[in-house]
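Trainee: The structure under discussion is supplied below as structure tokens; questions concerning it will follow.
The values are calculated or read from the model by the stated rules, or taken from the named source; none is laboratory data. In this text the structure is predicted, and so the values were computed from the model without any measurement. Cβ: placed from backbone, ideal geometry, glycine included. Neighbour counts: every protein chain shown. Note: areas computed on protein heavy atoms with side chains; ligands, DNA, RNA excluded. Shrake-Rupley method; radii C 1.70, N 1.55, O 1.52, S 1.80 Å.
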Amino acid sequence: MAAAKKAVLGPLVGAVDQGTSSTRFLVFNSKTAELLSHHQVEIKQEFPREGWVEQDPKEILQSVYECIEKTCEKLGQLNIDISNIKAIGVSNQRETTVVWDKLTGEPLYNAVAAPVSPGPSVPVAVVPSGASVPAAGTSSVWLDLRTQSTVENLSKRIPGNNNFVKSKTGLPLSTYFSAVKLRWLLDNVRKVQKAVEENRALFGTIDSWLIWSLTGGVNGGVHCTDVTNASRTMLFNIHSLEWDKELCEFFGIPMEILPNVRSSSEIYGLMKISHSLKAGALEGVPISGCLGDQSAALVGQMCFQDGQAKNTYGTGCFLLCNTGHKCVFSEHGLLTTVAYKLGRDKPVYYALEGSVAIAGAVIRWLRDNLGIIKSSEEIEKLAKEVGTSYGCYFVPAFSGLYAPYWEPSARGIICGLTQFTNKCHIAFAALEAVCFQTREILDAMNRDCGIPLSHLQVDGGMTSNKILMQLQADILYIPVESEIRYSTWKKAVMKSMGWVTTQSPESGDPSIFCSLPLGFFIVSSMVMLIGARYISGIP
């Protein structure tokens, strides 16, 4: 019997989407943008200590290989010829930091992961050696804060009236960005130190690690990054679009380990499948696009005009507004970042970015911690039953408040409770909190840009929640009732602040000092007991 004829669809494009919790490979029809097939693999996060979040770079790379192979198998089952894949792009989690050996291809340490939202550093209590750490789903999942003391030491060297780091990078000095993570690795990991001394070390964010590996690795891999990822390292001058010598000297980073910076759309290199993939037809396919995930979402939502904005509703929310060829520096707690540069000779575009730390995470918290719902989808049903929060307000500041407050002492509160409040009202208030937080960032963007945003493009898993999307529209387009609730919610935000005071790790051994209150209680109780027995004459 004759073999089935392969479907002719014209040129196809592949996309690697490497995120904090999973990797996907997707194949599209380049003429119609139709998604033809994809495969997704979850990846693990490791928590060796509280406040530390790591991932295995080899597992991340393996997940990419697996997704490519499985997607190609699915295309074969659909009778689609994978030799029609003419180009591949990479979108990646930003800021996560990898250092590897260019001679062996081996990572020199786990990838130091980025938290869900950037901002000024948040202190964290140190867990005594051997103590248990929180499971995934708690606040520390999103905060790798091992570099807190590094940031504090560096901040002392910045003159108060001349923050050259922010003026060059658009970023606050923070535990979030790659430069301080790389500084920590250089200070604390002997294998990294030795590789740098012997000129064997390469540094990159996840895009660099993947492109280097996929273009041959030790056999001629291309060491590069694009302007969007480079702009999140705190080593990149967003005006000159080059690595900045003064910044590298400030952070003590040797420039020879940095990747070459390219535009977001050009051919970086060709696929060399050294892995035992069945997808041999991808050998020689050019990798010709690279964008950090949030810039990719901005481009994917076609926000190419000044003032166009998108919000990605995931575990957190990332709201980016295109500011055109102009760097707009925020006076209201937002970040200035490179949005995209779609070709070597094309102009660069910039964006303002604001992040909500807790969005979809609040729904998982209601499911996993309170047991109010059994699945994430149930929250829409509960909220629909009541259609109001009945005066209940939820501020999910589980790990502090981010844009526009940057208040690490804040903690989550649920307030405005009455005897009539039930789980449906709390569910509604949780959805409302996501919308209020987005409104706060949009208000900050409007004040910074001076141009009210006319509409907001949305994407991400939470956009399937119709009540959430309607609430967001109501709260952004300001009917009177929403304005009253918004102002009351802001009062609740103020009440969430100042809950936590933490001591820095340098102040002493927490395994001793954290137990002092309990020790004083036990000793004072024994003294009172002995005193009482003595007074009463009990032998």
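Trainee: Quick one: in region 170-191, which of the residues that are touching a helix residue (DSSP H, G or I) at 6+ places or on another chain (Cβ under 7 Å) and among the β-branched types (Val, Ile, Thr) is nearest to residue 203 (Cα to Cα)?
Mentor: The qualifying residue nearest to residue 203 (Cα to Cα) is 180.
Trainee: Let me ask something else. When you scan region 23-69, how many residues do you find that are out of contact with any strand residue (DSSP E or B) (no Cβ under 9 Å at 6 or more places or on another chain), among the polar types (S, T, N, Q) and within 15 Å of residue 92 (Cβ to Cβ)?
Mentor: Matching residues across region 23-69 total 0.
Per-residue answers, yes or no, for (1) in contact (Cβ under 8 Å) with a residue 40 or more places away in the chain; (2) more than 30 Å from residue 289 (Cα to Cα):
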residue: 345; (1), (2): no, no
residue: 351; (1), (2): yes, no
residue: 355; (1), (2): yes, no
residue: 363; (1), (2): yes, yes
residue: 386; (1), (2): yes, yes
residue: 390; (1), (2): no, yes
residue: 430; (1), (2): yes, yes
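Trainee: Go through (1) under 25 Å from the mean Cα position of the chain (by Cα); (2) in a helix (DSSP H, G or I); (3) at pLDDT below 80 for residue 531 and report which single condition fails.
Mentor: All conditions pass for residue 531, except number (1).
Trainee: Here's something else I'd like to know. Can you tell me which residue within region 145-187, out of those that are open to solvent by less than 10 Å² (accessible area, probe 1.4 Å) and in contact with a strand residue (DSSP E or B) (Cβ under 7 Å, 6 or more places away or on another chain), is farthest from residue 108 (Cα to Cα)?
Mentor: The extreme case among them is 170.
Yes/no matrix, rows are residues, columns are (1) hydroxyl-bearing (Ser, Thr, Tyr); (2) under 19 Å from the mean Cα position of the chain (by Cα):
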| site | (1), (2) |
| --- | --- |
| 15 | no, no |
| 29 | no, no |
| 32 | yes, no |
| 42 | no, yes |
| 74 | no, no |
| 85 | no, no |
| 90 | no, yes |
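Trainee: Only one of these is in contact with a Cys (Cβ under 8 Å, 6 or more places away or on another chain), modelled with pLDDT of 75 or more, assigned to a helix (DSSP H, G or I) and among the hydrophobic types (A, V, I, L, M, F, W, C): 484, 475, 467. Name it.
Mentor: Every option except 475 fails the conditions.
Trainee: Filter region 188-218 down to the residues that are open to solvent by less than 10 Å² (accessible area, probe 1.4 Å) and part of a strand (DSSP E or B) and list them by number.
Mentor: Result: 201, 203, 204, 205.
Trainee: Take residue 222 and tell me if it is at pLDDT 95 or above and not in a helix (DSSP H, G or I).
Mentor: Criteria met by residue 222.
Trainee: Condition first: at pLDDT below 50, of a type outside the set (Ser, Thr, Tyr) and buried (at least 16 other Cβ atoms within 10 Å of the Cβ). Can you find one or more residues in region 491-505 that meet it?
Mentor: yes
Trainee: Which one of 435, 449, 424 is open to solvent by 30 Å² or more (accessible area, probe 1.4 Å) and either touching a residue at least 60 places away in the same chain (Cβ under 8 Å) or not polar (S, T, N, Q) (or both)?
Mentor: Within the list 435, 449, 424, the selection yields 449.
Trainee: For region 117-125, state whether one or more residues are closer than 25 Å to residue 238 by Cα, buried (at least 16 other Cβ atoms within 10 Å of the Cβ) and at pLDDT 50 or above.
Mentor: Looking for residues that are closer than 25 Å to residue 238 by Cα, buried (at least 16 other Cβ atoms within 10 Å of the Cβ) and at pLDDT 50 or above, one finds none in region 117-125, hence no.
Trainee: Of all residues in region 168-187, count the ones that are in a loop (DSSP other than H, G, I, E, B) and small (Gly, Ala, Ser).
Mentor: 2
Trainee: Of all strands (runs of 3 or more DSSP E) completely enclosed by region 1-72, which ones contain at least 3 residues that are of a type in the set (A, V, I, L, M) and modelled with pLDDT of 90 or more?
Mentor: 12-18, 35-42
Trainee: For region 284-324, what are the residues that are open to solvent by 10 Å² or more (accessible area, probe 1.4 Å), within 21 Å of the chain's Cα centre (by Cα) and of a type in the set (Gly, Ala, Ser)?
Mentor: 289, 296, 297, 300, 314
Trainee: Quick one: in region 349-389, which of the residues that are part of a loop (DSSP other than H, G, I, E, B) and open to solvent by 20 Å² or more (accessible area, probe 1.4 Å) is farthest from residue 470 (Cα to Cα)?
Mentor: Among those that are part of a loop (DSSP other than H, G, I, E, B) and open to solvent by 20 Å² or more (accessible area, probe 1.4 Å), it is 371.
Trainee: Can I ask one more? If the requirement is being at pLDDT 85 or above, under 18 Å from residue 366 (Cα atoms) and outside any helix (DSSP H, G or I), which of these qualifies: 426, 414?
Mentor: Sole residue among the options that is at pLDDT 85 or above, under 18 Å from residue 366 (Cα atoms) and outside any helix (DSSP H, G or I): 414.
Trainee: Take residue 400 and tell me if it is free of Cβ contacts under 8 Å to residues at least 12 places away in the same chain and either at positive phi or of a type in the set (A, V, I, L, M) (or both).
Mentor: So residue 400 does not fit the description; no.
Trainee: Is one or more of the residues making up region 232-242 among the β-branched types (Val, Ile, Thr), under 26 Å from the mean Cα position of the chain (by Cα) and assigned to a strand (DSSP E or B)?
Mentor: no
Trainee: When you look at residue 49, is it within 23 Å of the chain's Cα centre (by Cα), among the basic types (Lys, Arg) and under 19 Å from residue 285 (Cα atoms), yes or no?
Mentor: So residue 49 fails the test.
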